[in-house]
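Below: one structure, written as structure tokens.
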Amino acid sequence: MQTPQPTPFTRVGIVGTGAMGRGIAQIAAQAGSTVQLFDARSGAAHAAREAVLQQWQRLQDKGRVQPGEVQAWSERLVPVATLGELAGCELVVEAIAEDLQAKRDLLAQLEAIVAPSAVLASNTSSLSITALAAGLHHPARMAGFHFFNPVPLMKVVEVVAGLRTAPAACQQLMQYARAMGHTPVAASDTPGFIVNHAGRGFGTEALRIAGEGVADFATIDRILRDQVGFKLGPFELLDLTGLDVSHPVMESIYHQFYDEPRFRPSPITAQRLAGGLLGRKSGEGFYRYTDGQAELPPEPPVPQVEQLPPVWVSPRAARRAELYQLLKDLGAQIETGAAPSSAALILVAPLGFDVTTVAVVERLDPARTVGIDLLVDDAATRRRVLATNPATRADMRDAAHALFARDGKAVSVIRDSGGFVTQRVLAAIINIAADICQQGICSPADLDRAVTLGLGYPVGPLALGDRFGPASVLEVLFNLQTVYGDPRWRPSPWLRRRGALGLSLTHEEA
């Protein structure tokens, strides 16, 4: 491994040797720093060193690093017995439990030990850097240095400035992150910083969809994987992270933003956490796990329909011309009259509205009306999503399902929902990201970079907004707010202005 650039810190202290502390120690030693490990628990620092050595040995056994590199790194990783031994460190990173008072007490002790020029950093994921630094005599030296687990693999780190953090401290940490082979992103001190803040829409909106009975967990996961390209669906991700971690973060960010509706948690996760259904770690969460593998329910079979009815498309349907072409490709009998015949399957393709609202407003027969989600270009998705309304006849539902599955593409049929599934989740993600930019928490480029690396999205939230069109995203949000009357979907001013002006969301302002 090559060190990307010289490290600004030759001697670094790590306090706390859990998974995060060990990970930071590993990459710090690989970057060329002498790393001193301290943990108040007896023997924990030595055990952490052994765990890191084993990790390096596995890399060597796989041929990813050379024996000489492992030897050099090992010599730079040094357990210490007292905090006082960190006196010569130029940087000390605390990685202890998420307890505000415990962290403040530790930082006050460290300030009295290290040199005045030393930087103090916290790996906190949820606590205010300003609050952590408030008890220090020199809060300008204190910043957030938030890595993600597993640290060696998750290549993003948030460098967080508190209200009194000196720019020089952040600049040193940014440089150090690069020396570690990571990508630093600059954030101001707000709840959730960038990644945990921007990630709120994915899980909370999916939970709300499930809570409304629109679709089951597996169907929602399949839709978001196949229509958008997420590596994991929201419920797969919650199971992987564990509700003992995810639900408290949801509640923390919600309350830190004074009950902002966009971040409202779900009683679904509260109940499951209380019941011990944590996810993979407990063997059951949103899915059951056998030998670490999820037991997935089978996809509903495509209905057998002897004769398909003719199809009439609403003149207000999104991507109407593309929908007509798709129907031709599928061999549908298409009606082109001003109104549907009494036998026709009626198709609507709304943005943000539910099928019920469209049927009522357009005076369509709801018994024969089915919706299709066309936010995403059909050629770019592996799954089509249809929605019924409460009055849709079973034969029309089955006919629509059979028709759109004719070419072998997967089809999910959900209950009525403003914005289907994909529209709702994408609009929530993009809107929250836009508001992060509105608040000046970070730059648009750093936001997309952080979320892509930190959450594994196919592209960043703002790039997603550009892909589907800011105007279309705004239409979804406005219509969702109309359907539900909930301020959670009110558009961010940042998004509204750029959508109105036809600007790219990834465009940096002058």
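For the reader, a short list of remarks on this structure follows.
- Rounded to the nearest Hz, the phi-derived 3J(HN,Hα) couplings of the stretch 268-280 under the Karplus curve 6.51 cos²θ - 1.76 cosθ + 1.60 (θ = phi - 60°) are 4, 6, 4, 5, 5, 4, 4, x, x, 8, 7, x, 4, where x marks glycine and proline.
- Sites residue 258 and residue 98, calculated FRET efficiency, Cβ-Cβ separation with R0 35 Å, nearest 0.05: 0.95
- Percent carbon-and-sulfur accessible area, the chain, ignoring ligands, DNA and RNA, probe 1.4 Å: 52
- Charged side chains reduced to their Cβ positions (Lys and Arg at +1, Asp and Glu at -1) give the stretch 46-111 a dipole of some 340 debye around its Cα centre.
- Taking the centroid of alpha carbons for each part, the stretch 461-478 and the stretch 325-366 are 24 Å apart.
- Residues residue 503 and residue 362, FRET efficiency given R0 of 30 Å [Cβ-Cβ distance, rounded to 0.05]: 0.40
- About its Cα centre, the chain has a charge dipole of approximately 420 debye under the convention of +1 per Lys or Arg Cβ and -1 per Asp or Glu Cβ, with nothing else charged.
- In plain terms, the chain from residue 290 to residue 54 could stretch by 82.2 nm, reckoned as 0.36 nm per residue minus the Cα-Cα distance.
- Two-site FRET efficiency, residue 382 against residue 216, from Cβ-Cβ distance with R₀ of 25 Å, rounded to 0.05: 0.85
- Packing-based order for 334-344, 43-53, 371-381, using average beta carbon neighbours within 10 Å, highest first: 371-381, 43-53, 334-344
- Ranking 231, 103 from most to least accessible surface, computed with a 1.4 Å probe over the protein chains only, gives 231, 103.
- Computed on the chain, with alpha-carbon pairs under 8 angstrom and 6+ residues apart, the relative contact order is 12 percent.
- Distance between the stretch 425-439 and the stretch 61-134 - C-alpha centres, whole angstrom: 33
- The packing ranking of peptides 196-204, 258-266, 237-245, highest mean first, is 196-204, 237-245, 258-266, where packing means the average number of other beta carbon atoms within 10 angstrom of each residue.
- For the chain, the share of DSSP beta bridges that are antiparallel, to the nearest 5, is 20%.
- Extension gain (nm, one decimal) between residue 325 and residue 140, 0.36 nm per residue minus Cα-Cα: 60.4 nm
- Heavy-atom surface of the chain, accessible at 1.4 Å and reported per residue (Å²): 41
- Each helix, a run of at least 4 DSSP H residues, gives -39500 (n - 2.57); summed and divided by the residues of the chain, these come to -13000 deg cm²/dmol at 222 nm.
The values are calculated or read from the model by the stated rules, or taken from the named source; none is laboratory data. For clarity, every value in this text was computed on a predicted model and none was experimentally measured. Positions of Cβ are backbone-derived with ideal geometry, glycine not excepted, and every protein chain shown enters the neighbour counts. SASA here: full protein model, heavy atoms, side chains in, ligands and nucleic acids out. Shrake-Rupley method; radii C 1.70, N 1.55, O 1.52, S 1.80 Å.
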